[in-house]
Amino acid sequence: MSDNESETKEIRTDGTGIVAPDNETPTWSERKARKTGLSRLTYEYFERARREDQDLRTESDYVERDVLAFPTWPHETVRNLSIASFFVGMILFLSATMPPHIGAPANPSQTPAIILPDWYLYWSFGLLKLNPLNPELAILGGQKIMADRTYGVLANGVVVGFIAIVPFLNKGSARRPVEQPFWAAVGVAGVVFAMTISLLAVKNLMPMNVDLLFDLTFLLPIVFGTVTYAVLKTMREGYMYNLNRRYYRLRPPK
Amino acid sequence: MSLERKEEHDHKAWMKKKDLTPIEATFLTTLIWLDKRLRIVDYLELLETLYYKVNLQMPKSHTEQYNLDNKFWYWYPLYTLGLFSTLAYVVAAISGALLGFYYSPATSGDPTTAYNSIEFIMRDLQFGFMLRSIHRWSAQVMVAAVFLHMLRVYFTGSYKEPRELNWLLGIVLISLTMVFGYTGYLLPWDQLAFWAGQIGVEMSLSVPLAGEWVAQLLFGGFTLSQATLQRMYILHVFLLPFVVTTLIAIHIGIVWVQGIAEPH
Ligand code: HEM
């Protein structure tokens, strides 16, 4: 530190040193030496990160991409263009064969029998129909703590919130469903629930008993989740055996 | 120093010497013309450095490292769902911009101007019916593709470290996609639109604490009116397009930087 200080104390009067000429641009370690506190830590980290990069680069599993990779032109580009045209063609085909229609004009004084959003919002609409699950608390003398609709709106937040925190609940390097039967089961249960809650949203159109529909809405996801769990758990043994053999042949454990 | 150009800086003579095809000559002439004025070469150099910095430092992909490409094809079709979402979004944006030339968000008149303009598009406008159909379907397909894309990410465990941020960004994107759909659904101002709007107002009013503010902000009041339609319109054609386009760009940028998480 001390020799640094004596250097920086020197005041140059010839106008140089205000803007560093190119070949005098300070390196990170020089900048670091002049700093204290948080900014010093920042530079120290930069240096470390650089060193780590350098080490990684010299390790064998780093590769010069543009030499080894699949060529962008023409392979990748042609394939992407064909996928893209096929896909856009599909949209045009759907539009041509099943054009949408328009209903009667808005009339505030006449409530229609069926009110529905687009299909992809049925799940949210269905969550508004959870009244029977809104607990009637004994403390409040059998009253509900909040209106049914508020309960439904909050349920939306709970669903989205749960999906959002999944990466923070399920960590680790496992990727295949067989490796983690539990999380695969949660996923399947979630997908089935998305469908059943959407059906609950259109309960007045469903040709079945509403109470039964309500029960199935919650039972089916559990059933499907359990089956998924059982199947994957059974598959896992053989599957993991092959996977491990393949892996460890290529990358022996240290 | 002489006023005459040095030999090596005489680009014209250099080009003559090289016996170029017309395409090459045109290209070089344009490049030199632009570079004299805009110093393009400097920027190209910067870009090139950037390209090498980014590309040369990427780790070997998992499939490359373990020769797993025979496993990769199995999942591959599902990995285009993100691209499908993007494409459907682009198709919707183009058809929507064209629809916007003919639609006006006004609740005056009976039936309303908004409703009439949709009827005009469907009945009188050349290709209007098709245009509306394309817009509708690309929106539906986009929502479906985004949802399936999310399932793909979930079931391949692709949301794990270091991709948590992209997962969160994805949640924002799927929500905004649905808001896109909802605001668009209200624009024709037919019975379905009106009563779906009614439900929206009631849902906002039921938000604890902030309910009335939310309803005021999003729907311009507690009953549906001109203000509601206008707000839906601005959300649908102005605010959301900017926000969603930016977020999709960031989302895909992050994928580019991090690489695709491959199954193993
Ligand atoms: C507007 C909607 C969206 C667009 C346009 C979009 C686009 C993309 C694209 C093009 C990719 C590259 C890989 C692939 O195509 O599968 C990708 C990857 C990814 N997306 Fe999305 N996405 C959207 C919504 C979502 C949602 C809803 C989620 C999850 C909640 C999500 C999470 C992710 C993650 C974690 C990756 C990285 C996956 C990997 O590396 O394998 N995205 N996205």
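The values are calculated or read from the model by the stated rules, or taken from the named source; none is laboratory data. Because the structure is predicted, anything quoted here is derived from the model rather than measured. Here the Cβ is made from the backbone with ideal geometry for all residues, glycine too, and neighbour counts use every protein chain on show.
Odds and ends about this structure:
- Hey, B:A210 surrounded by fewer than 18 Cβ atoms within 10 Å (Cβ to Cβ) and without any contact (Cβ under 8 Å) to a residue 12 or more places away in the chain or not: yes
- Which listed residue is more than 11 Å from the ligand (Cβ to nearest atom), loosely packed, with under 14 Cβ neighbours inside 10 Å, within 20 Å of the chain's Cα centre (by Cα) and modelled with pLDDT of 95 or more, from B:T246, B:T183: B:T246
- Any chance B:E202 is among the charged types (D, E, K, R), at pLDDT below 95 and either more than 16 Å from the ligand (Cβ to nearest atom) or part of a helix (DSSP H, G or I) (or both): yes
- Among the residues of the stretch A:169-183, those that are over 15 Å from the mean Cα position of the chain (by Cα) and either surrounded by fewer than 17 Cβ atoms within 10 Å (Cβ to Cβ) or not β-branched (V, I, T) (or both) comprise A:G172, A:S173, A:A174, A:R176, A:P177, A:E179, A:Q180, A:P181, A:F182.
- Contacts under 9 angstrom Cβ, first residue in the stretch B:217-237 being surrounded by fewer than 17 Cβ atoms within 10 Å (Cβ to Cβ), partner of a type in the set (F, W, Y), 6 or more apart: B:S225/B:F219; B:A227/B:F219
- A count restricted to the stretch B:249-264 and to residues that are at negative phi and either surrounded by fewer than 18 Cβ atoms within 10 Å (Cβ to Cβ) or away from chain A (no Cβ under 14 Å) (or both) stands at 11.
- Scanning the stretch B:134-162 for residues that are more than 19 Å from A:G190 (Cβ to Cβ) and out of contact with any Pro (no Cβ under 6 Å at 6 or more places or on another chain) yields B:I134, B:H135, B:W137, B:S138, B:A139, B:Q140, B:V141, B:M142, B:E161, B:P162.
- Residue, modelled with the lowest pLDDT, within the stretch A:90-113, restricted to residues that are at the interface with chain B (Cβ under 8 Å from one of its Cβ atoms) and not in a loop (DSSP other than H, G, I, E, B): A:P105
- Across the stretch B:148-193, the qualifying residues are those that are acidic (D, E) and within 19 Å of B:W256 (Cβ to Cβ), and the one among them that is farthest from the other protein chains (Cβ to nearest Cβ) is B:E161.
- For the criterion of being in contact (Cβ under 8 Å) with a residue 40 or more places away in the chain, facing chain B (nearest Cβ under 9 Å) and over 23 Å from B:L151 (Cα atoms), A:L116 passes.
- Of the helices (runs of 4 or more DSSP H) that lie entirely inside the stretch B:72-179, those containing 3 or more residues that are within 14 Å of the chain's Cα centre (by Cα) span B:81-100, B:128-155.
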